């Protein structure tokens with residue numbers, strides 16, 4: 001495995017660091033994505049066309065490598081700025097691959113300019129990891145779908161322009177084969193979005209649809225053919241939303257806190273903390289190895305997400321073990337990290353689902369366990 005960046009990639013990383021420096025600690029992981037600082041960050045990237053960094057040139061992008069896209073968002077995570085907007089990855093890349101020419105013309109320009117923002121609307125009260133059982137129903141009526149049902153645990157849906165909605169257009173018995181992707185105006189009549197605050201301070205939402213109408217031109221891909229599209233797109237999300245930059249940042253925050261509170265004077269505590277450093281390096285090497293290897297994108301992305309979650313949760317546990325009750329005080333960064341990491345096992349695919357994907361697609365094991 002070669003961990004040395006090419007001259008081109010190293011120069012790009014230098015440019016990224018200079019561009020991102022004014023936005024350090026924007027804290028877009030917690031605050032609403034309507035804050036002026038976060039909007040300014042995304043607009044600064046849009047001015048360089050970096051929101052479309054790895055899109056094909058034919059789609060208005062720069063045609064850069066997945067490695068450069070990773071370098072950009074890894075640095076943004078390390079600097080505590082933000083994750084990429086959902087629109088530039090999951091949404092845009094699906095439209096590029098499967099949208100009509102008219103849909104590409106309608107959506108790609110506004111997305112790369114950060115003029116159209118999106119939230120994923122997949123999960124439901126009784127369909128989280130098992131999306132094949134979701135019930136939110138869209139019925140075709142003339143040139144429109146009529147939408148009824150509800151969604152929940154959707155990140156930042158109360159702050160965006162559009163919902164990237166997975167809904168049922170086939171019979172319930174069809175399972176995964178009866179699902180369709182629609183772009184829904186978040187402010188359309190019949191759409192109600194209510195924010196829910198998590199214990200870490202992040203906001204998720206519940207969404208209700210009552211006879212909401214969606215133009216058939218807002219359907220992406222074939223009716224009842226969404227399953228392949230969303231699994232393909234989630235692989236893209238796990239590459240840039242779960243990076244070792246976040247892992248390294250959490251490690252340094254914990255180091256500074258432990259040193260400031262005199263918690264590393266004990267040799268046993270120091271040894272425990274040094275073990276974390278090895279885990280952090282392993283997580284970084286893991287994702288770089290995956291980025292330079294060919295293979296099933298879904299399996300690679302799931303493996304990356306597992307490495308990310310396991311390491312940041314190990315850091316959070318170490319904070320409590322080494323910091324004791326002081327580390328649990330609400331305003332301490334160690335407490336925030338511990339509360340945030342609890343949700344990481346769920347967002348972007350649960351740990352159990354990721355393990356199953358890795359078992360099948362990376363290890364060649366049977367789906368039956």
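We did not get these values from a lab; they are worked out from the coordinates using the rules stated. In this text, all values refer to a predicted model and were calculated from it rather than measured experimentally. Here Cβ is always computed from backbone atoms with ideal geometry, including for glycine, and neighbour counts include all displayed protein chains.
Worth a mention:
- Ranked packing of 109-117, 90-98, most packed first, by mean Cβ within 10 Å: 90-98, 109-117
- Three-way shape label, the range 74-133, alpha-carbon gyration tensor, a/c 1.5: oblate
- Taking the longest Cα principal axis of the chain as reference, the axis of helix 101-112 is set at about 30 degrees.
- Estimated 222 nm signal from helices in the chain, with DSSP H stretches of n ≥ 4 weighted -39500 (n - 2.57), rounded to 500: -15000 deg cm²/dmol
- Helix 267-291 and the longest principal axis of the C-alpha atoms of the chain enclose an angle of approximately 40°.
- GNM flexibility winner over the chain from 260, 318, 52 (Cα, springs under 10 Å): 260
- Taking all Cα pairs closer than 8 Å and separated by 6 or more residues, the relative contact order of the chain comes to 14 percent.
- Cβ crowding within 10 Å averaged over residues, with 172-181, 153-162 ranked highest first: 153-162, 172-181
- Debye equation applied to the C-alpha atoms of the range 242-361, log10 I(q)/I(0) at 0.11, 0.13, 0.20 Å⁻¹: -0.39, -0.53, -1.04
- At 1.002 mPa s and 20 °C, Stokes D of the chain from Kirkwood alpha-carbon radius, µm² per second: 99 µm²/s
- With an a/c value of 1.5 or above and a/b not larger than b/c for the gyration tensor axes a ≥ b ≥ c computed over the alpha-carbon atoms, the range 118-224 is described as oblate.
- Rounded to 10°, Cα long-axis angle of helix 7-20 versus longest principal axis of the chain: 90 degrees
- With an a/c value of 1.5 or above and a/b not larger than b/c for the gyration tensor axes a ≥ b ≥ c computed over the alpha-carbon atoms, the range 44-149 is described as oblate.
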